[in-house]
Amino acid sequence: MTALGFLYPGHSAEDDYPRIEMLLDSDIRLPVVHTDIGEDAHRVDALLEMGAPGRLAAGVEELRLAGAEAVVWACTSASFVFGWEGAHEQVRGLAVAAGLPASSTSFAFAHAVRELGVQRVAVAATYPADVAEHFAAFLKAAGAEVVSVRGSGIVTAAEVGTWGRDEVLAMARAADHPEAEAVLLPDTALHTAAHVPDLERELGKPVLTANQVSVWEGLRLVDRRVHAPQLGSLFTKAQVVQA
């Protein structure tokens, strides 16, 4: 049995984690602890406060009690807004507080892009345009070439959490770019676990989504690989063929 711990901000799409646990169909548990988000706003100042060390540290004891072997800060925006170096410092602090290997969703995207062996990516973000550009800058610092960035202008995670399959597919299609080798959907407040195969068939290329890559990153931290086709190319590295 492997337990991977996730610190999840507030309540939006946390039900992706039990769904992913089911799709992994293995001896892997994904306990989730909710952090206090303060103000629910996709604004840089609010996101910096959301990702403050004290807010993250408050949840680690519960994850340790759940038997977590690694911990992931399951939030993209409240990690990449700290910048490349600041996000590293955030993760180092989390690892010290938890006494466990630690990472965040932002680094999960960077590592997943590398795992897929792609260079050029498109970003389909729920965020306002200025926040989406912070994610693009983070990816560029990780060595990726960002060929397209599209923000959707949604200010709150609560609103993002109401989106269904049609909205997710429409956003991904609108952000895709002919030169992009993969499309990234960076918001953990967005329900995507059930839609990854549809997204990849629709776009004909790998799609990385926030909760999907967060779980993959947790597995990477504990040196486990799981073959799970329903979670997309990242969990199979198979060729995607457009329908």
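Can you tell me which residue is surrounded by the fewest Cβ atoms within 10 Å (Cβ to Cβ) among those in the range 113-136 that are under 16 Å from the mean Cα position of the chain (by Cα), within 17 Å of LEU47 (Cβ to Cβ) and of a type in the set (A, V, I, L, M)?
Per the criteria, the residue is ALA136.
Please verify whether the range 205-214 includes one or more residues that are surrounded by fewer than 24 Cβ atoms within 10 Å (Cβ to Cβ) and either outside any loop (DSSP other than H, G, I, E, B) or without any contact (Cβ under 8 Å) to a residue 40 or more places away in the chain (or both).
Residues of the range 205-214 surrounded by fewer than 24 Cβ atoms within 10 Å (Cβ to Cβ): 205.
In the following step, the residues that additionally are either outside any loop (DSSP other than H, G, I, E, B) or without any contact (Cβ under 8 Å) to a residue 40 or more places away in the chain (or both) were identified as 205.
Scanning the range 205-214, I find at least one residue that is surrounded by fewer than 24 Cβ atoms within 10 Å (Cβ to Cβ) and either outside any loop (DSSP other than H, G, I, E, B) or without any contact (Cβ under 8 Å) to a residue 40 or more places away in the chain (or both), so the answer is yes.
Anything in the range 105-119 that is out of contact with any Asp or Glu (no Cβ under 8 Å at 6 or more places or on another chain) and small (Gly, Ala, Ser)? List them, or say none.
Of everything in the range 105-119, those that are out of contact with any Asp or Glu (no Cβ under 8 Å at 6 or more places or on another chain) and small (Gly, Ala, Ser) turn out to be SER106, ALA110, GLY117.
Taking the range 1-40, which residues are within 23 Å of VAL168 (Cβ to Cβ), hydrophobic (A, V, I, L, M, F, W, C) and crowded, with 17+ Cβ neighbours inside 10 Å?
From the range 1-40, those within 23 Å of VAL168 (Cβ to Cβ) are 6, 8-24, 30, 32, 34, 37, 40; that's our starting set.
Narrowing further to those that are hydrophobic (A, V, I, L, M, F, W, C): 6, 13, 20, 22-24, 30, 32, 37.
Passing the criteria: PHE6, ALA13, ILE20, LEU23, LEU24, LEU30, VAL32, ILE37.
Any residue at all in the range 66-78 that's of a type outside the set (Lys, Arg) and without any contact (Cβ under 8 Å) to a residue 60 or more places away in the chain?
Looking only at the range 66-78, we keep the residues that are of a type outside the set (Lys, Arg), and these are 66-78.
Retained after the next criterion (residues that are without any contact (Cβ under 8 Å) to a residue 60 or more places away in the chain): none.
Checked against the condition, which is being of a type outside the set (Lys, Arg) and without any contact (Cβ under 8 Å) to a residue 60 or more places away in the chain, the range 66-78 yields no hits at all.
Of all residues being out of contact with any Phe, Trp or Tyr (no Cβ under 8 Å at 6 or more places or on another chain) and outside any loop (DSSP other than H, G, I, E, B) in the range 89-108, which is surrounded by the most Cβ atoms within 10 Å (Cβ to Cβ)? Just the residue, please.
PHE107
Before we move on, is THR188 touching a residue at least 60 places away in the same chain (Cβ under 8 Å), surrounded by 24 or more Cβ atoms within 10 Å (Cβ to Cβ) and not charged (D, E, K, R)?
Details: touching a residue at least 60 places away in the same chain (Cβ under 8 Å): yes; surrounded by 24 or more Cβ atoms within 10 Å (Cβ to Cβ): yes; not charged (D, E, K, R): yes.
Judged against the criteria, THR188 is a match.
Looking at ALA78, ALA46 in this structure, which one is out of contact with any helix residue (DSSP H, G or I) (no Cβ under 7 Å at 6 or more places or on another chain), closer than 16 Å to THR188 by Cβ, crowded, with 17+ Cβ neighbours inside 10 Å and not charged (D, E, K, R)?
On the way: ALA78 fails: out of contact with any helix residue (DSSP H, G or I) (no Cβ under 7 Å at 6 or more places or on another chain).
On inspection, the qualifying residue turns out to be ALA46.
Restricting to the range 145-181, and then to whatever is part of a loop (DSSP other than H, G, I, E, B) and polar (S, T, N, Q), can you tell me which residue is farthest from ALA74 (Cα to Cα)?
Taking the range 145-181 as the starting set, the residues that turn out to be part of a loop (DSSP other than H, G, I, E, B) are 152-156, 161-164, 176-181.
Narrowing further to those that are polar (S, T, N, Q): 152, 156, 162.
Numbers: SER152: 20, THR156: 16, THR162: 18 Å.
Among those residues, the one meeting the criterion is SER152.
Laboratory data are not the source of any read-out in this text; all were calculated from the coordinates shown. Quick caveat, the model's predicted, so the values are computed rather than measured. Cβ sites come from the backbone with ideal geometry, for glycine too, and all protein chains shown count toward neighbours.
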